[in-house]
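All remarks here apply to the structure that follows.
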Amino acid sequence: MDTIMPSDYLQKAVIALLNGYDAVTAVWRGYYTVDNSVSRLLKFMYDLYSDVFIRGRFLGNGFPIITSNNLVIWRKILDLVDGFCECTGEDLNLTIKLRSRGYRIGLIDSIVYSEVPQTYLAFKKQFSRWLFNGIWSLKHDLKLILTSREVTIWEKIDSILWMLQIPSTSFVPLSILITIVLSVIGVLIPPISITLLEILNTSISAILGIILLLFFKKMGYKTWDFLTNMAKAISLMILISFPMLVYSIESLITDEWEWIPTPKGPSPHHMRIGSFKDLVHELFAILILVIAMVVLILYKQLLTTIYVLSIMLIMMYSLRFTIPQKALVKQ
């Protein structure tokens, strides 16, 4: 079992149902049974994900997503929406069916603890499944919520953002590839446009960073821990974005996706070093970047060469997360 429920969870959930909600869920925080650099980083990332993307949506009257590790719902309501789908993203599908019919989903004041993966490969399996779930819902459930009269315009927009949040990581390698191609063929974007976009991006990122810092300090994270974890998280997401681009294309083509439970716990098998097959997309992406650098040097595109080199160095740094670290199994 990888989820720990607080002792008052059911009491709070039942009270919320009796007060008018049709289904309730709670935010969750990560915990690990194997203490290493990967599990500590993923705990930070999952804490951020849960409080910002789940709690934040309820506070902002957005799309009230049900989390997959905890749910309390009236049995009659579950039957009325035909229960859980035979798909890997049953939580998202159930949320869409409930909201499209106007049922109320509430967030209770409780925190559920869910175990995080302890290796990069385990995280990759989980992340790819989440990506597939988002694209599957875009293909099969989007019409249901967009045509519903029970859902607000903001909720409809926010539901699309939710479904795109994992697939959107594919935009990172796409933007890198587009930048390389434009540089090689000599298509230049006016400097003033780039400058304005960079100023806007930096301003938004700085404001968001300050808000997250203040928020996480209340959760017990120190400023330096927050900054270093954010830097590591960004580098890890750049690495994983390349296989996610491939998986996004696959998910658009087919609805068949192998269900692989996320490996968790202190099993030695889960702690193995990734083989070439496991890391083929990441290693191939680095090879492509090396070739791109050679081409850019030949075309005397110095700035773009430095840009590609920085991306490649970040990816190579992040590859260390694929190597098991010395770990302490928590009792």
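Summary table below
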| quantity | calculated |
| --- | --- |
| Efficiency of FRET between residue 161 and residue 294 - r from beta-carbon atoms, R0 35 angstrom, step 0.05 | 0.35 |
| Qualifying chymotrypsin sites (Phe, Trp or Tyr not before Pro) in the stretch 1-96, DSSP loop, other Cβ atoms within 10 Å at most 16 | 74, 84 |
| Candidate residues 52, 116, 294: accessible-area rank, largest first, probe 1.4 Å | 294, 52, 116 |
| Cut-off under 5 Å, modelled amide H: who pairs with residue 31 long-range | 114, 115, 116 |
| Above-threshold pairs, the threshold being 21 Å between Cα atoms, out of 43/277; 232/277; 125/232; 43/97; 43/222 | 43/277; 232/277; 43/97 |
| Mean-position separation - Cα centroids, the stretch 97-169 and the stretch 37-76, in angstrom | 10 Å |
| DSSP bridge orientation in the stretch 5-138 - percent antiparallel, rounded to nearest 5 | 20 percent |
| Estimated dipole of the chain in Debye, rounded to 20 [Cβ of Lys and Arg +1, of Asp and Glu -1, Cα centre] | 580 debye |
| Label-point gap, in nm, between residue 234 and residue 76 - each point 7 angstrom along Cα→Cβ | 5.2 nm |
| Phi-based couplings in Hz for the stretch 150-156 (Karplus 6.51, -1.76, 1.60; Gly and Pro marked x) | 8, 10, 6, 4, 5, 5, 5 |
| Three-way shape label, the stretch 1-145, alpha-carbon gyration tensor, a/c 1.5 | oblate |
| Cβ-Cβ FRET estimate between residue 277 and residue 140, R0 fixed at 30 Å, reported to 0.05 | 0.50 |
| Gyration tensor verdict on the stretch 1-69 (Cα atoms; rounded if a/c is under 1.5, prolate if a/b is larger than b/c, oblate otherwise) | oblate |
| Shape box of the stretch 68-191 [Cα atoms, principal axes, largest first, Å] | 62, 40, 30 |
| Partners for residue 124 among aspartates and glutamates (Cα-Cα distance below 12 Å; same-chain residues under 8 apart left out) | 278, 282 |
| The stretch 55-143: GluC sites (Glu not before Pro) falling in loop per DSSP and having at most 11 other Cβ within 10 Å | 86 |
| Net dipole in debye of the stretch 1-100 [+1 Lys, Arg Cβ; -1 Asp, Glu Cβ; about Cα centre; nearest 20] | 280 debye |
| Extension reserve of the residue 104-residue 287 stretch, reckoned as 0.36 nm per residue once the Cα distance is removed | 60.9 nm |
| Selection of trypsin sites (Lys or Arg not before Pro), the stretch 143-247, meeting DSSP coil and at most 15 other Cβ within 10 Å | 149, 222 |
| Accessible surface of residue 119 - all protein chains present, 1.4 Å probe, nearest 10 Å² | 10 Å² |
| Using alpha-carbon coordinates, inclination of helix 37-48 to the longest axis of the chain, degrees | 60 degrees |
| Separation between Cα centres of the stretch 198-238 and the stretch 277-324, rounded to whole Å | 25 Å |
| Inter-label distance, nm, simple model (7 Å from Cα along the C-beta direction), residue 53/residue 256 | 2.8 nm |
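The values are calculated or read from the model by the stated rules, or taken from the named source; none is laboratory data. Only a predicted model underlies this, so the values are computations on that prediction, with no experimental measurement involved. Here Cβ is always computed from backbone atoms with ideal geometry, including for glycine, and neighbour counts include all displayed protein chains. These area figures cover heavy atoms from the full protein model, side chains too; ligands, DNA and RNA do not enter into them. Shrake-Rupley method; radii C 1.70, N 1.55, O 1.52, S 1.80 Å.
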